[in-house]
Amino acid sequence: DEDLAVLEAGEADELPGGERPGLPVLAVVGRPNVGKSTLVNRILGRREAVVQDTPGVTRDRVSYPAEWAGRRFSLVDTGGWEVDVAGIDARVAEQAEVAVEMSDAVMFVVDATTGPTDTDERVVRMLRRSGKPVILVANKVDSPMQEADAATLWALGLGEPYPVSALHGRGSGDVLDAAMKVLPEVSAVAAPMPEGGPRRVALLGRPNVGKSSLLNSLAKAERVVVHETAGTTRDPVDEIVELGGKPWWFVDTAGIRRRVHQTSGADFYASLRTQAALEKAEVAVVLVDASVPLTEQDTRVIQQVIDSGRALVIAYNKWDLMDEDRRPFLEREIELDLVQIQWAPRINISAKTGWHTNRLVRALETALDSWDTRIPTGRLNAFLGELTAAHPHPVRGGKQPRILFATQASNRPPRFVIFATGFIEAGYRRFIENRLRENFGFEGSPIEISVRVRE
Ligand code: GDP
Ligand code: GDP
């Protein structure tokens, strides 16, 4: 089967679907080198520590799905994002503040072997102001003899210090138990999305792609609705703009309005902001600059959207600067770099002149319709039955898993569960995904397929 051969040759990348909205968020903060990354790895149960030795290497994620004692939560990892520069001390509290703002509870890590520093005190003041529950981790307590070191941290006034050795695992269970006690069941920061009201849109993209210009252009062309929408509480950072005769809720626009200065930790703030906006949004518009080649920062934002499971529209902005010579290169970039998201509608716009910005609404509606889609179980199984009869799973090691039954477990985004007699390989899942898309549309929405094996 040609189709399948092509798919299997491609990378066996994971299907979309990252953290679920509504999971409580636990942030790990503290000075550089106190052991945050080591602790995060310990909590995530990663075998190989990815403790960063190379300064300036940034991670591509800010949060990870985690689990303890049967409870699931998101773990925000601020380690590895720091860049060692002069004045880092002042920036530690600042960086931590963003993470704290976005979390339900905080693990504050202090190096018990050196004791609290001025920077630690500064973080403590910020933590107090935040009003968030704080678990004080006295790290690097590798042996019982060092527990006296931990006791000196009572002086920080954050309550009991938990002696931990992130490196060896000592005390990590107790500190996680303590964190679970203060972590709410339902997140206040990543609250489940309210039903009804205007559809929520996040305008995303790297600095200077034109987010603020687009927002201004949309708000000017139409009108900014200032009244509170009935039954909704919205943050002052959000704006409601009427487009195509309907109100649309643009989330987390404060970060767009405010000029974000380029600093060493800018990537970290940008990723956290993106994440915060995604958590509140149903659909994301990722702006890219059509006049220059796609950058790593662009693809990182797109990846964050895919991981979040939100609907996606790609807007090629600054089309007025498009040089005809660049056109063929752009086409190739779209084919190569955006192959993973060929399902996302693309619009070409100029935020500056307002050209084609009226096409945004159509693209948003298409993406959201796909995101909302529910396929009745009967139709789904009729489709899969025909598909698997014509293209059965390839035989592997003398075995051939059979698909028994499938159901759509949820929508927003559509999530499918397939029951099969054996492991379904990534290439075949991708094949099913492509055929589902061909048959049912899903333009603008990620879809997720998981497999349950039944003997
Ligand atoms: P981060 O900058 O806060 O993320 O700190 P890292 O996790 O990168 O750790 C900084 C250094 O401290 C590394 O060399 C770790 O191996 C070491 N370290 C982390 N936790 C412990 C611990 O519990 N005991 C000891 N002895 N060293 C640790
Ligand atoms: P943001 O950082 O993503 O909010 O980007 P801004 O909206 O502040 O835009 C950054 C710069 O790009 C400003 O100088 C804008 O005037 C310019 N810009 C934005 N959109 C366009 C466009 O469509 N065409 C052109 N030529 N310039 C644009």
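Computed from the coordinates by the stated procedures, all read-outs in this text should not be read as laboratory data. Just so we're clear, the structure is a prediction, and the values are computed from it rather than from any experiment. All Cβ positions, even for glycine, are placed from backbone atoms using ideal geometry, and neighbour counts span all protein chains on display.
In whole Å, what is the distance between the alpha-carbon centres of the stretch 346-373 and the stretch 155-183?
Cα centroid of the stretch 346-373 versus Cα centroid of the stretch 155-183: 48 Å apart.
Could you compute the FRET efficiency for E147 and R396, with r as their C-beta to C-beta distance and R0 at 51 Å, rounded to 0.05?
E(calc), rounded to 0.05, equals 0.45.
Show which lysines lie in cross-link reach of K132 when reach means a straight Cα distance below 30 angstrom and same-chain residues fewer than eight apart are skipped.
Within reach: K36, K140, K181, K280.
Give me the net charge for the shell around V141: Cβ to Cβ below 12 angstrom, other residues only, Lys and Arg +1, Asp and Glu -1.
-3
If R₀ is 22 angstrom, what is the calculated FRET efficiency for the pair L44 and R129, using the beta carbon separation as r and rounding to 0.05?
Plugging the Cβ-Cβ distance into 1/(1 + (r/R0)^6) gives 0.15.
Taking H placed 1.01 Å from N in the peptide plane, check which residues at least 5 places from R170 or on another chain put their amide H under 5 Å from its amide H.
Long-range HN contacts for R170: S165.
Tally Lys and Arg at +1 and Asp and Glu at -1 over the other residues with C-beta under 10 Å from the C-beta of A105: what net charge comes out?
Overall, the nearby charge balance is +1.
Would the stretch 119-182 count as rounded, prolate or oblate if I go by the C-alpha gyration tensor, calling it rounded below 1.5 in a/c and otherwise prolate when a/b exceeds b/c, oblate otherwise?
Oblate shape, in that a/c is at least 1.5 and b/c is the bigger or equal ratio.
At 0.36 nm per residue, minus the direct Cα-Cα distance, what do V417 and E324 gain on full extension? Give it in nm, one decimal, please.
28.9 nm
How much FRET efficiency would the formula 1/(1 + (r/R0)^6) give for N208 and A69, where r is the Cβ-Cβ distance and R0 is 41 Å, rounded to 0.05?
0.35
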